[in-house]
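Read-outs: derived from the displayed coordinates by stated rules, not from any lab. Computed from a prediction, not measured in an experiment: that's the story for all the values here. Virtual Cβ from ideal backbone geometry, glycine too; neighbours counted across all protein chains shown.
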Amino acid sequence: MLITRAAHPTTLWPGVKSFFGLTYEKWEPLYTQMFDEQTSDKAYEVVSEATGFGMAKRKSEGQSIEYDTDGEGPQSRFTNVTYGLGYIVSREEIEDDQYTYVSQNRAKALSFSMQATKETVHANILNRAFDNNYAGADGVSLINTSHPTRGGLQSNKVADADLSESSIEDAFKLMWGAKNARGLPIVLRATKLVIHPSELFNATRILKSTMRVGTANNDTNAIRAMGLAPEVVANPYLSDLDAWFLITNAPNGLMTFKRRAIELQKADDFDTENVKAKATERYSAGWADPRAIFGSQGI
């Protein structure tokens with residue numbers, strides 16, 4: 001769509017005290033606090049699970065040792081997508097503009113939109129985490145009670161409960177019971193608690209208080225005392241205010257691939273004398289290992 005003088009009629013004559021709407025402070029990048037960002041040089045990237053071996057078997061005297069086979073689990077594909085946005089301005093609109101606020105801040109507004117888009121794309125991985133219509137490579141949703149593995153079904157879904165001391169403790173218990181693809185126990189640690197900003201006060205009380213919250217008992221806050229309190233990431237792009245997630249130290253979990261960094265370009269059209277500007281970038285986002293995140297959709 002063409003931006004003409006009619007789009008900003010008040011900029012055509014002096015007398016307007018000020019304008020607003022294009023210079024708000026942006027959120028610091030949030031997706032990089034949740035996703036492992038890597039570069040890509042292909043149309044898509046594939047991340048595959050290696051299953052490893054099972055338990056060793058007792059060997060009887062004089063008998064042959066038992067041999068095992070490893071193999072591959074689910075293969076996650078990350079297809080890089082191009083996102084872009086631009087605008088076209090007439091020469092007359094530029095010539096007759098009596099102010100610089102709107103025209104000089106259009107590039108900043110374009111960058112703002114591109115960042116908001118990237119944050120939304122990544123946050124949607126969590127927004128759809130409980131929806132089987134958005135299944136991963138193992139055939140189920142990101143947060144699910146029945147992730148199929150060679151060693152049996154595994155769960156990373158905490159019972160539906162709002163964020164509280166007890167629900168976080170339940171998440172830790174579930175996390176500590178995690179196993180690899182062959183059913184062998186693994187060590188998982190929570191590194192991030194991802195919440196909507198509306199839960200920030202609640203999360204701070206739960207994780208930072210010396211004593212337990214919401215009880216007359218003078219008990220120690222075990223989460224803090226044991227050094228288990230994760231870093232809090234408050235993400236306004238989460239659509240469910242009650243949903244919350246624990247990101248763990250498991251590698252190859254939430255992943256994002258940068259195929260091409262953002263590019264801002266500008267060009268003049270010879271025939272119309274319009275000025276065009278655009279921004280594009282190319283990336284992908286998703287997950288491979290569901291052990292990297294545990295979550296609850298709240299109540």
Check your understanding: What fraction, in whole percent, of alpha-carbon pairs in region 258-299 exceed 15 Å separation?
Key -> 68 percent
Review point. Among the lysines, which fall within straight-line cross-link reach of Lys208, defined as a Cα-Cα distance under 29 Å, with same-chain neighbours fewer than 8 residues apart omitted?
Key: Lys26, Lys157, Lys173, Lys192
Study note, to complete from the structure: The longest stretch of the chain containing none of the trypsin sites (Lys or Arg not before Pro) that sit in a DSSP loop with at most 12 other Cβ atoms within 10 Å is 60-299
Study note, to complete from the structure: With Cα springs under 10 Å, the Gaussian network model of the chain assigns the largest mean-square fluctuation among Gly86, Gly62, Gly151 to Gly62
Check your understanding: Just for the Cα atoms in region 102-162, what are the lengths along the principal axes, largest first, rounded to whole Å?
Key -> 59, 28, 17
Study note, to complete from the structure: Sorted largest first, the Cα spans of region 115-196 on the principal axes come out in Å as 41, 32, 21
Revision key, fill the gap. Answer check: the chain, Cα atoms, Kirkwood Rh, Rg/Rh ratio of 1.12
**Study point:** Cα principal axis extents for region 171-260, largest first, Å
**Key:** 50, 35, 19
Review point. Given a Förster radius of 30 Å and the C-beta distance between Ala261 and Met55 as r, what FRET efficiency does 1/(1 + (r/R0)^6) yield to the nearest 0.05?
Key: 0.05
**Study point:** Sites Asp160 and Ser111 - FRET efficiency at Förster radius 51 Å, r taken between beta-carbons, to 0.05
**Key:** 0.85
Point to revise | Volume per residue that the Cα convex hull of region 206-299 spans, once the total is divided by residue count, Å³ | key: 183 Å³
Practice item. Let me know the shape class of region 240-280, please: from the alpha-carbon gyration tensor, a ≥ b ≥ c as square roots of the eigenvalues, rounded when a/c is under 1.5, otherwise prolate if a/b is greater than b/c, or oblate. Key: oblate
Review point. Normalized C-alpha radius of gyration of region 53-98, against 2.2 N^0.38 Å?
Key: 3.49
Review point. What does the helix-only formula give at 222 nm for the chain: each DSSP H stretch with n ≥ 4 adding -39500 (n - 2.57), the total divided by the residues, and the result rounded to the nearest 500 deg cm²/dmol?
Key: -5500 deg cm²/dmol
**Study point:** Rg(Cα) / (2.2 N^0.38 Å) computed for region 31-134, rounded to two decimals
**Key:** 2.05
Review point. Longest exposed-loop-site-free stretch of the chain, with chymotrypsin sites (Phe, Trp or Tyr not before Pro), DSSP loop and at most 10 other Cβ within 10 Å?
Key: 68-269
Check your understanding: Using a Förster distance of 30 Å, how high is the FRET efficiency between Thr215 and Val46, based on the Cβ-Cβ distance and rounded to 0.05?
Key -> 0.05
Check your understanding: Which of the helices in the chain meet the span-like rule: DSSP H, Cα axial reach of 15 Å or more, Kyte-Doolittle mean at least -0.5?
Key -> 106-127, 165-176
